[in-house]
Amino acid sequence: MSVKLSLQKGDITKIAVDAIVNAANTSLLGGGGVDGAIHRAAGKVLLEECIKIRNKQGGCKTGQAVYTIAGNLPAKYVIHTVGSVWQNGTHGERELLENCYENTLKIAQELQLKSISFPNISTGVYKFPKEEAAEIALNSVNKFVKQSNNLILEEIIFVCFDEENFKIYERMMSRIF
Ligand code: AR6
């Protein structure tokens, strides 16, 4: 079965999928942006689960991913990944952002998830240029899907909160896929 890739504008906390992805930070203790919105909507169980992971492995490195249950969210799981902070592009920012998508999708496969939604990781507080971040997101997902035998995922949704990202994704998705 081939995977369906789609685009939505809005709030990722409202989407009922097997997993939503959180653009977290290395502390896993929550923050602003989409991270704050996810923690607020999920309730305190999310922070408690993140603290358990912190106690076990000391947070989450940039480009890596971990998962928790999703508390009050309509999703079943939250996969927390830490995007790269944009500096000037010479600090491995692109590769690290690519790793976020790849490592998140690996977890989704391990959990045998059928649907997942991604926010535009790193394009808020972390200031990654939006065009480049979108290209990396779409190319990484495309590469993962093409390389996987026995892909369990059936639907991947890119969720754009701001109009600028939405327009970029709209244009790029028709070109890449
Ligand atoms: N649903 C979907 N996307 C959203 C939502 C939402 N409810 N709210 C914001 N966005 P950011 P980053 C979009 O700053 O750049 C946090 O404090 C937003 O428009 O959330 O990876 C963490 O704790 C933007 O396009 O994440 C970290 O410290 C995108 O989400 C740091 O920010 C990402 O913006 C991570 O920075």
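Assorted remarks:
- Two-site FRET efficiency, Lys143 against His91, from Cβ-Cβ distance with R₀ of 30 Å, rounded to 0.05: 0.85
- Label zone at Glu170, where the point sits 7 Å out along the Cα-to-Cβ direction: region 5-48 residues whose backbone N lies under 19 Å: 5-12
- Pairs from the list Lys4/Lys52; Lys9/Lys106; Lys44/Lys143; Lys9/Lys56; Lys9/Lys146; Lys14/Lys114 with a Cα-Cα gap above 28 Å: Lys4/Lys52; Lys44/Lys143; Lys9/Lys56.
- Where region 4-172 is the region considered: accessible area per residue in Å², 1.4 Å probe: 47 Å²
- Of all accessible heavy-atom area on the chain, the percent that carbon and sulfur account for (1.4 Å): 49 percent
- Using a cutoff of 8 angstrom between alpha carbon atoms and counting only pairs six or more residues apart, the relative contact order for region 1-90 works out to 35 percent.
- Two-site label geometry, Gln109 and Lys127: point separation in nm, points 7 Å out along Cα→Cβ: 3.5 nm
- Unit Cα scatterers, Debye sum, the chain: log10 I(q)/I(0) for q = 0.13, 0.16, 0.17, 0.20 Å⁻¹: -0.58, -0.90, -1.03, -1.48
- Within the same chain, aspartates and glutamates fewer than 8 places from Lys127 are excluded, and of the rest, those with a Cα less than 20 Å from its Cα are Asp11, Asp35, Glu93, Glu95, Glu98, Glu135, Asp162, Glu163, Glu164.
- Computing Rg and the Kirkwood Rh from the Cα coordinates of region 31-126 gives a ratio, Rg/Rh, of 0.96.
- Residues considered: Ala37, Ala134, Ala24. Largest GNM mean-square fluctuation over the chain, using C-alpha springs under 10 Å, is found at Ala37.
- When the chain is treated as a GNM with alpha-carbon contacts under 10 Å, the residue of Ser115, Ser84, Ser148 showing the greatest mean-square fluctuation is Ser148.
- Theoretical FRET efficiency, 1/(1+(r/R0)^6), r = Cβ-Cβ of Lys4 and Ser27, R0 45 Å, to 0.05: 0.85
- Counted by Cβ distance under 11 Å from Asp18, the other residues give a net charge of 0, where Lys and Arg count +1 and Asp and Glu count -1.
The values are calculated or read from the model by the stated rules, or taken from the named source; none is laboratory data. Everything numeric in this text was worked out from a predicted model, so none of it was measured. Don't worry about glycine lacking a Cβ; one is built from the backbone with ideal geometry, like all the others, and counts go over all protein chains shown. Note: accessible area is taken over every heavy atom of the protein model, side chains too, but ligands, DNA and RNA are not part of it. Shrake-Rupley method; radii C 1.70, N 1.55, O 1.52, S 1.80 Å.
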